[in-house]
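One structure is given below, encoded as structure tokens.
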Amino acid sequence: MSFDYTKYLRTEHLPHLWCPGCTHGIVMKSFLRVVDSLGLNQDETVVVSGIGCASRLPGYVDFCTLHTTHGRALPFATGIKLARPELTVVVVSGDGDALAIGGNHFIHACRRNIDLTLIIFNNSVYGMTGGQYSPTTDHGMFSSTTPYGNPDHAFDAGALAMAAGATFVARTTAYHVRQMDKLIGQAVQHSGFSVVEVLEACYTNFGRRNKQLFKSNMDMLMDLKKKAVPVEKARKLAPKEMEGKYETGLLYEVGRPGYIECCDDMIGRKQEG
Amino acid sequence: MAKTVKLLQGNEACAQGAVYAGCRFFAGYPITPSSEIAEILAASLPRVGGRFIQMEDELASIAAIIGASLAGKKSMTATSGPGFSLMQENIGFACITEIPVVIVNVMRGGPSTGMPTAPGQGDIMQAKWGTQGDHPAVTMAPDSVGEFFTETIRAFNAAEKLRTPVIVLTDEIVAHTREKVEIPEPGEIPVEDRIKPSVGPADYKPYDTKFGDVPPMANFGDGYRFHVTGLVHAEDGFPTNEPDIIESQERRIIRKVEEAVPWLSKNEEFMLGDAEVALVAVGSTARAAKMAAEEAREKGVRAGVFRPVTLWPFPHERLKELAGSVKRIIVAEMNLGQIVGEVERSVCGSVEVTCLNQVNGESISPRSLCSAMVGEVQP
């Protein structure tokens, strides 16, 4: 029996604004399957976003939803979680939103280890504004603002999250849907700050400017598949063998008391003492 | 019953006023000369079941307090000019999404880093026009330690009643002065809370004008599922491109504040009854002005002081009346002319308006204010 998404969708606000061939819908549906499998209460689930294509997701899903300013979804979510720790708070953010304009908030949310889940919709381009390169656009790639190729180098969001202190870090792709369900599910259940980076495909504003590599959206999806190496396998390979590829799966997980837990514990001890 | 009297610093009074008003969440970033507000609330909020967090910057601080308010906690941040500049975008977000928060700006001197430890009044217009687009602006401007306490309470009350961000704007002198303050008993000063929806979740619309210009507000987690966005939106909270809806929503968020003026507006009028010269000032400048007015009277000049306590919306109507009874108005401010423009707009040339400005990091002395009053009315 196929999954009924309508319970979780604001169908009156569909169709969505994502382009044909966009993979954001794949991630949205994965998230909705996770909500269902975990039995989350819709009234107690908050979805927060910033600005960009991915950040329009909250408008389509039937939870407490907050579409904020560019880059600031994590601090808004931090305020919500601190005000009502019993709520499940999930942040959806594009690569520009999470790692460029929101980069500072990203590393500090990792460090703070507050119990939020961040899903990074990484299509390596600013889609909403017409295809400018982002902090995750690979070196040499073409975009509307890198007409001669990208002189920058891309962030490795997973490595950045680990270095900044996140306690759950995972990476998957829009091709690997079953893995995506599993990792988003684990991330939401994880106590502490969890990050799931989903590598995605934007043909309209990125693929078509790189026709030497991609003739269609399907070429981009197959490219995601080709470059993904399961983390267990990747860690046995020599660095040279991993060139141009990336690890997928659960990259890192550790149990560490979260921000709110630490606060309450310290305040409690001080007041008793 | 004996009053509780304390010797408090301005920033301390602000922090205590916030707790009195029901503030239970503070997010901030250290900045002189406002940092004591954060330090005091870091200690006191946990004792009343509230939470404090030091964020990575002011962009995050304002975002966090809006989030916390949406989840039902009365929330505040405190900063000074540079941080206030960084907060502007999300002040606009709170305006258009109609989420109540309080932002304290302890003004220091100069643009940019300026004079971190010296007073200034250069953010008067930023408090009104700092964020882009047309938006409501509510600002309280205390001039004493005691008033920093009570105006912080009034700011929370106005924010909650109007569903809008409210700014408490004062200066380094008021923030760092220590004065005697009578602490009101709980309940002595009324504390307002946002109006909750009277309808069930199925019928709830976050911007339902059926209930007036200030729609009832549900909190996240209270069983109401709704959408909040900084895009222009219809009554149901979802983005719209419908010109009529956009126009009416935009006008409503301005109108709800304009219509609140009868209870929101507050001025201090000092010896204005028979005054021939009125000095207009806010914050610590007004304190010097009151002393100067007394001195001017000793010298035979009937001087008085007009001080907007609610700075925005500006008291245009009252100043217009005042223009009919005084011969001159002098506007004194620690900037190069911000309030004066509003005063000129109020009086429309019916009386001469001059200004006395100073931006050297020192307060304007009562002596120079007195000279201005005496010199201008005596031939």
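Scanning for something more than 12 Å from every other protein chain (Cβ to nearest Cβ), part of a helix (DSSP H, G or I), touching a residue at least 24 places away in the same chain (Cβ under 8 Å) and over 22 Å from B:T131 (Cβ atoms), does segment B:240-256 turn up at least one residue? Scanning segment B:240-256 turns up no residue that is more than 12 Å from every other protein chain (Cβ to nearest Cβ), part of a helix (DSSP H, G or I), touching a residue at least 24 places away in the same chain (Cβ under 8 Å) and over 22 Å from B:T131 (Cβ atoms).
Selection within segment A:30-75: residues that are over 16 Å from the mean Cα position of the chain (by Cα) and of a type in the set (F, W, Y). The member of this set that is farthest from the other protein chains (Cβ to nearest Cβ) is A:Y60.
Filter segment A:76-99 down to the residues that are within 10 Å of chain B (Cβ to nearest Cβ) and either in a loop (DSSP other than H, G, I, E, B) or in contact with a His (Cβ under 7 Å, 6 or more places away or on another chain) (or both) and list them by number. Scanning segment A:76-99 gives A:R84, A:P85, A:E86, A:L87. For segment B:155-198, the candidate set comprises residues that are surrounded by fewer than 24 Cβ atoms within 10 Å (Cβ to Cβ) and among the basic types (K, R); within that set, the residue that is farthest from B:A289 (Cα to Cα) is B:K196. Quick one: would you say A:E247 is under 21 Å from the mean Cα position of the chain (by Cα), surrounded by 12 or more Cβ atoms within 10 Å (Cβ to Cβ) and closer than 20 Å to A:E200 by Cα? Spelling it out, A:E247 is indeed under 21 Å from the mean Cα position of the chain (by Cα), surrounded by 12 or more Cβ atoms within 10 Å (Cβ to Cβ) and closer than 20 Å to A:E200 by Cα. No other residue among B:G17, B:G22 is in the same structural domain as B:N105 (by TED's automatic domain parsing), touching a Phe, Trp or Tyr at 6+ places or on another chain (Cβ under 6 Å) and closer than 20 Å to B:R154 by Cβ apart from B:G17.
Residues of segment B:341-355 include none that is surrounded by 14 or more Cβ atoms within 10 Å (Cβ to Cβ) and on the phi > 0 side of the Ramachandran plot. Here B:S365 fulfils each of the conditions (1) closer than 24 Å to B:T177 by Cβ; (2) free of Cβ contacts under 8 Å to residues at least 12 places away in the same chain; (3) not β-branched (V, I, T) apart from (2). Going residue by residue through segment B:107-122, is there one that turns out to be of a type in the set (V, I, T) and within 15 Å of the chain's Cα centre (by Cα)? No: zero hits.
Taken over segment A:78-103, the criterion of being of a type in the set (G, A, S) and either touching a helix residue (DSSP H, G or I) at 6+ places or on another chain (Cβ under 6 Å) or surrounded by fewer than 24 Cβ atoms within 10 Å (Cβ to Cβ) (or both) is satisfied by A:G79, A:A83, A:S93, A:G94, A:A98, A:A100, A:G103. Do we find a residue being of a type in the set (A, V, I, L, M), in contact (Cβ under 8 Å) with a residue 40 or more places away in the chain and away from every other protein chain (no Cβ under 14 Å) anywhere in segment B:184-206? Yes; the residues of segment B:184-206 include at least one that is of a type in the set (A, V, I, L, M), in contact (Cβ under 8 Å) with a residue 40 or more places away in the chain and away from every other protein chain (no Cβ under 14 Å).
Screening A:A228 against (1) in contact with a Phe, Trp or Tyr (Cβ under 7 Å, 6 or more places away or on another chain); (2) within 29 Å of A:D115 (Cα to Cα); (3) touching a residue at least 60 places away in the same chain (Cβ under 8 Å); (4) of a type outside the set (K, R) leaves a single unmet condition, (3). Looking across segment B:62-106 at every residue that is at the interface with another protein chain (Cβ under 8 Å from one of its Cβ atoms) and among the polar types (S, T, N, Q), the one that is farthest from the chain's Cα centre (by Cα) is identified as B:S69. In summary, B:G283 fulfils each of the numbered conditions (1) surrounded by 19 or more Cβ atoms within 10 Å (Cβ to Cβ); (2) at negative phi with the single exception of condition (2).
Filtered by the rule that a residue be farther than 18 Å from A:R111 by Cα and touching a Ser or Thr at 6+ places or on another chain (Cβ under 9 Å), segment A:235-265 gives A:Y246, A:T248, A:G249. Here B:A275 does not qualify as part of a helix (DSSP H, G or I), surrounded by 21 or more Cβ atoms within 10 Å (Cβ to Cβ) and in contact (Cβ under 8 Å) with a residue 40 or more places away in the chain.
Would segment B:48-61 turn up any residue that is more than 10 Å from every other protein chain (Cβ to nearest Cβ) and within 14 Å of B:V168 (Cα to Cα)? The answer is no; no qualifying residue exists. Considering segment A:104-213, there are no qualifying strands (runs of 3 or more DSSP E) wholly inside with 1 or more residues that are out of contact with any helix residue (DSSP H, G or I) (no Cβ under 9 Å at 6 or more places or on another chain) and of a type outside the set (D, E). Contact list please: Cβ distance under 7 Å, first residue in segment A:54-82 and touching a residue at least 24 places away in the same chain (Cβ under 8 Å), second residue aromatic (F, W, Y), pairs at least six apart or on different chains. As it stands, the answer is A:A54/A:F121; A:G59/B:F238; A:V61/A:Y8; A:D62/A:Y8; A:L74/A:F106; A:I80/B:F220; A:L82/B:F25, since those pairs meet every condition given.
Counting residues in segment B:25-34 that are farther than 25 Å from B:D193 by Cβ, within 14 Å of chain A (Cβ to nearest Cβ) and either free of Cβ contacts under 8 Å to residues at least 12 places away in the same chain or assigned to a loop (DSSP other than H, G, I, E, B) (or both) gives one or more.
The values are calculated or read from the model by the stated rules, or taken from the named source; none is laboratory data. What you see is a predicted model; the values in this text were computed from it and never measured. Reconstructed Cβ throughout: ideal geometry from the backbone, glycine too, with neighbour counts over all protein chains shown.
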